[in-house]
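Inspection log for the structure reproduced underneath, given as structure tokens.
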Amino acid sequence: MLWRAPAHRFHVLAIRDFRLLLADRLLAPLSMGFSLVGVSFAVLNVTGSTADLSYVLAAQVAPMLLFSLVSGVAADRFRPQRVIIAANLAIIAGEGTLGVLVLAGKPPLWAMILLEALNGIGGAMFYPASQALLPQLVPDSLLQEASAISRLAMNTGQMAGAAAAGLLVAAAGPGWALTLCAIGMTGTIPLLLAIKTRRPPRRGPRSAGMLADLREGWAEFRAHTWLWATVIQFCLVMMAFNGAVMVLGPVVARQHLGGPAAWGAITAADALGLVAGGLVSLRYTPRRPMLFVVLTGGAMAISPLALALVLPLAVICVIAFGLGVLLEVMMVQWTVAMATRIPPGKLARVSSYDALGSMAAMPVGALVAGPLAAAIGVSAAQFAAVAVIVTASALTLIPRDIRTIRNDGMGPADPGDLPLPEPVPALSR
């Protein structure tokens with residue numbers, strides 16, 4: 001087997017269920033890379049309106065307000081991979097239908113909004129369940145290694161998908177990109193069905209309702225200052241970033257940088273940075289992880305600043321790459337912090353509040369970006385986003401926990417200190 005040699009270096013690869021998860025986390029982001037480029041240019045090609053693009057992208061994020069909480073409760077009650085399957089089916093239905101409609105003609109705006117809302121439901125359900133699944137597959141001593149490798153697979157897939165999508169959209173149009181997204185996501189279903197995890201012990205009586213579960217998760221969430229302070233920061237950062245980069249970025253690319261191929265190159269550079277960040281995370285652990293997370297959030301202001309200044313495409317790609325490295329190291333640290341500092345039976349629900357808080361204002365950013373750019377100009381709107389990101393990040397440095405929390409030895413361990421791989425019969429499955 002091809003994985004046996006790497007398993008001697010990275011012991012987590014000896015775990016069968018983790019290998020299945022790794023295959024899923026390569027294929028799903030590869031497929032979603034086609035969506036990242038396809039949706040924006042489908043809307044721009046059909047309507048030519050930045051305001052309409054704002055409405056469609058806001059529809060992707062709006063379901064986060066409800067379905068992330070539902071997913072958090074479900075993933076703490078049931079096997080998280082089943083929740084991810086439901087999420088992927090929603091994405092398949094949304095992107096597949098939109099792809100067919102785009103290929104058939106010019107879909108109405110209301111149809112694009114509804115179908116991207118369905119795609120958003122899938123995205124909202126994915127994150128809490130995904131956060132809960134990985135710690136069920138690997139021991140704590142291998143968690144940073146597992147997180148770095150799994151995210152490395154995700155980002156490699158997204159990079160390849162985004163690069164291919166940019167070329168495909170430029171050559172054949174966005175309808176084919178959206179259709180390929182749905183086909184690829186269909187391939188993840190058998191991989192997730194093959195993962196066999198043991199459900200963690202159920203907290204409390206089985207008769208407890210959803211509201212009781214949510215209250216319990218909320219109490220755990222607000223008990224950690226480092227957690228809620230950072231979530232508030234990223235609520236504002238992601239609002240500004242979503243509007244200035246995800247909505248107005250394709251507009252800048254279309255008007256000044258060369259169109260869909262340029263935006264695909266920027267997206268691919270970001271994904272390549274994420275891949276490089278995954279490699280860095282295998283060997284590097286920040287001493288103060290929460291300080292690193294907050295400072296990385298502040299660094300996200302560089303991307304809308306580069307677009308506002310309309311820097312050369314090559315410079316913007318270099319910036320996207322560097323930011324991708326920082327963001328990936330940050331996400332690995334965040335995943336490890338959540339998995340090691342939050343009780344396993346509450347992790348999905350706490351992750352759902354993390355997702356909800358961090359992304360709750362993203363629809364506002366998407367909705368405001370188009371009309372604001374029409375009123376004051378694209379560059380001015382992006383400069384405003386820079387100011388929001390820097391201010392929010394500076395204020396988040398005030399709580400003492402952000403500056404003092406240290407890693408508890410969760411960084412990459414010496415190979416001799418790691419547990420041995422599973423016995424040979426398990427390796428041969």
* Jot down the radius of gyration and Dmax of segment 61-195, Cα atoms only, both in angstrom. => 16.2, 53
* Scaled to the compact-protein estimate 2.2 N^0.38 Å, what is the alpha-carbon radius of gyration of segment 209-248, rounded to two decimal places? -> 1.60
* Structure fact -> One would report the Cα pair-distance distribution of segment 7-84, bin width 10 Å, in %, as 14, 27, 32, 19, 7, 1
* Classify segment 337-387 as rounded, prolate or oblate from the Cα gyration tensor: take a ≥ b ≥ c as the square roots of its eigenvalues, call it rounded if a/c is under 1.5, otherwise prolate when a/b beats b/c and oblate if not. => prolate
* Using the alpha-carbon centroid of each, what span in Å lies between segment 22-94 and segment 310-384? -> 15
* Phe221 - accessible surface, heavy atoms, 1.4 Å probe, Å² rounded to 10 -> 10
* How do His11, His256 rank by accessible surface area computed with a 1.4 Å probe, from largest to smallest? -> His256, His11
* To do: Once you have a ≥ b ≥ c as the square roots of the Cα gyration tensor eigenvalues for segment 266-399, tell me rounded if a/c is under 1.5, and otherwise prolate or oblate according to whether a/b is larger than b/c.
  => oblate
* For the chain, which semi-axes, largest first and in whole Å, follow from the square roots of 5 times the eigenvalues of its Cα gyration tensor? -> 33, 24, 22
* To do: Would you mind giving the average projected area, over all directions, of the Cα convex hull of segment 206-338 in nm² with one decimal?
  => 10.1
* Once Rh for segment 300-341 is found with the Kirkwood sum over Cα pairs, what is the Stokes-Einstein diffusion coefficient at 20 °C and 1.002 mPa s, in µm²/s? -> 187
* Quote the FRET efficiency, to the nearest 0.05, computed for Ala86 versus Ile183 with a Förster distance R0 of 22 Å and r equal to the Cβ-Cβ distance. => 0.75
* Given the options Ala339, Ala261, Ala104, state which has the largest fluctuation in a GNM of the chain using a 10 Å cut-off (strictly under) for Cα springs. => Ala104
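The values are calculated or read from the model by the stated rules, or taken from the named source; none is laboratory data. As the structure is a prediction and not an experimental result, all values here were calculated from the model. All Cβ positions, glycine included, derive from the backbone under ideal geometry; neighbour counts span all protein chains shown. Surface accessibility is based on the protein's heavy atoms, side chains included, excluding ligands, DNA and RNA. Shrake-Rupley method; radii C 1.70, N 1.55, O 1.52, S 1.80 Å.
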